[in-house]
1. Taking amide hydrogens as modeled 1.01 Å from N in the peptide plane, which residues meet the under 5 Å criterion relative to LEU171, leaving out close sequence neighbours?
2. Given the peptides 294-307, 52-65, 402-415, arrange them by the average over their residues of other C-beta atoms within 10 Å, most packed first.
3. Note the full-extension length gain between VAL121 and SER238 as 0.36 nm times their separation in residues minus their Cα-Cα distance, in nm to one decimal.
4. What percentage of the solvent-accessible surface of segment 381-423, computed with a 1.4 Å probe over protein heavy atoms, is contributed by carbon and sulfur atoms?
5. Please list the non-local residues whose amide H lies under 5 Å from the amide H of VAL71, H modeled 1.01 Å from N, same-chain partners needing a gap of 5 or more.
6. Based on the Cβ-Cβ distance from TRP419 to ASP43, what FRET efficiency comes out when R0 is 41 Å, to the nearest 0.05?
7. Residues of segment 174-188 with the amide nitrogen closer than 19 Å to a label point 7 Å from the Cα of LEU442, along Cα-to-Cβ, please.
8. For an R0 of 22 angstrom, estimate the FRET efficiency from the Cβ-Cβ distance between THR275 and ARG476 and round to the nearest 0.05.
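The values are calculated or read from the model by the stated rules, or taken from the named source; none is laboratory data. Just so it is clear, the model here is predicted, and its values are computed rather than measured. When we count neighbours, we look across all protein chains shown, and the Cβ atoms used for this are built from the backbone with ideal geometry, even at glycine. Note: accessible area is taken over every heavy atom of the protein model, side chains too, but ligands, DNA and RNA are not part of it. Shrake-Rupley method; radii C 1.70, N 1.55, O 1.52, S 1.80 Å.
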Amino acid sequence: MLTLESLLMMVIGVALGFVVGILPGLGGAVTLALLLPFTFGMDPVPAFALLLGMYVVAATAGDITSVLFGVPGEASSAAVVLDGYPMTRRGQAGRALGAVLTSSGLGALCGGVVLIALIPVVRPLILQLGPPEFFALAMLGLAFVITLSSGNVLKGAIICLLGVLVSLVGLDPATGAPRYSFGMIELWDGISIVPVVIGLFGGAEVLQLMMAKGSVASGEVQATSVTGVGAGVRDAFSRWWLAIRSGAIGTGLAMVPGMGGSVAQFVAYGQAKATSKKPEEFGKGSVEGVIAAGATGVAKDCGSLIPTVAFGIPGSASSAVLLGAFLILGLDPGKEMLTDELDVTFSLVWISLLATVIAIGVALVLVRPLAKLTRISGPVLIPFLLLLLSIGAFAERGSWADVVLMLLFTLVGVLCIRWDWPRVPLLLGFILGAVLERNIFLSNEIFGTGWLARPIVLGIGAVMALVLAMHFIRERRANQLEPGSAGAPAGVDGGSDEQKVDA
């Protein structure tokens, strides 16, 4: 039961979550670790109200900077940049924020329902997954690179491979030998995801803004008022099934230890693009892309709680810190959380949902003043954004090497934009590279080559083949309908760019 003390702790956590989410790179896991000492001596429910209030709201707040400035507040908010920031550039910041915040709430509702439904039955399901299944799931994630590289399949595959290679930087987990470190001890621990995400998306967009010498909302939209919040909310509710489906994908993938929130978000985004009637608008300001990416924000956090509560296996870095909180508070994840402490378990669900509702309500009230920040002149705004980027890159590990890496990936992001190379496959390859390496090594050591015939692996392989086949079929049909192609019916034309945007 949520007491007055629990509600007060949750409000404090929500306020902290806004700050953490808006500041790039600080991260929910780091802040959770900093808050742990404050939970000593507290009852379990108020303690988790503080921790979860901050944790789930950080993801929602991270979407705000992703939409307004193209700077992901959280690594798991990177997919929101793809369509949210282009909408802001067109003067639709209010609509984008309304859509992403509402879809986040719908996704959280889906995640909460799944969490309640699966907690009693998930233990035997998760225990069926071993290294072979984790490897197959990572390969399925890479298959979605194809759907995120429409018209540039070869480029997507090449830059995804580059991301996998970047993930190999550091000490070999099997032999301990340095790889691709070029004699620099700073690279022995590998490359953190924070400078990669901040540089590839945030830094690249800030540099583009610097070169354009304008404001974030450009050109003809400068004089328009900040409107469209209600339209964004209506967009999310009218596409409720997309938000629920994306939330379910986020919850499901986050249940798998090691998959991570970024993977869940990009898989949901790719699935939305694959089933959309207007896939060509994705990456250019599609409200469907914003809804799909936003719906996974809190849903993935609910998903990562399932293996943590059910049998003490954290699904992400943040849930690993939460596992420490369980032990500090004298709780034993597993059977006890599903029997004697079931009231605490369900309190986690209600805290997550209520904190999300409060955060979304506050954010919707602040949408107009927040969106007006995009009208500020670039020369005034850029120093502040550069400071945020540098703090974000430095904060996680306290290393200036991460700031240098952030600048390096900023350059890579700008080159990708200028030469029309997709950035998402590079990030997805980087995230999944370590998962692939670790699990293929364990699979071969434990099972030899026999793991290839395991039923779940074969099932995931069939899904991957279906995803690729559907993509190529859609691409072939789209090519046949292009103006001037042999298969295009009479009277079909592409329409102007302005008409496409208006549609």
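1. Correct list: ARG179, GLY190.
2. On the way: 294-307: 33.0, 52-65: 29.6, 402-415: 20.1.
The peptides rank, most packed first, as 294-307, 52-65, 402-415.
3. On the way: separation 117, 0.36 × 117 = 42.12 nm, distance 3.24 nm.
That pair, VAL121 and SER238, stretches by 38.9 nm at full extension.
4. On the way: 1810 of 2360 Å².
Within segment 381-423, the accessible surface is 77 percent carbon and sulfur.
5. Excluding prolines and chain starts, which carry no amide H, the hits are SER66.
6. Details: r = 56 Å, r/R0 = 1.37.
The pair TRP419/ASP43 has a calculated efficiency of 0.15.
7. What the label zone holds, given the 19 Å backbone N cut-off, is 174-176.
8. Details: r = 17 Å, r/R0 = 0.77.
Using R0 = 22 Å, I get an efficiency of 0.85.
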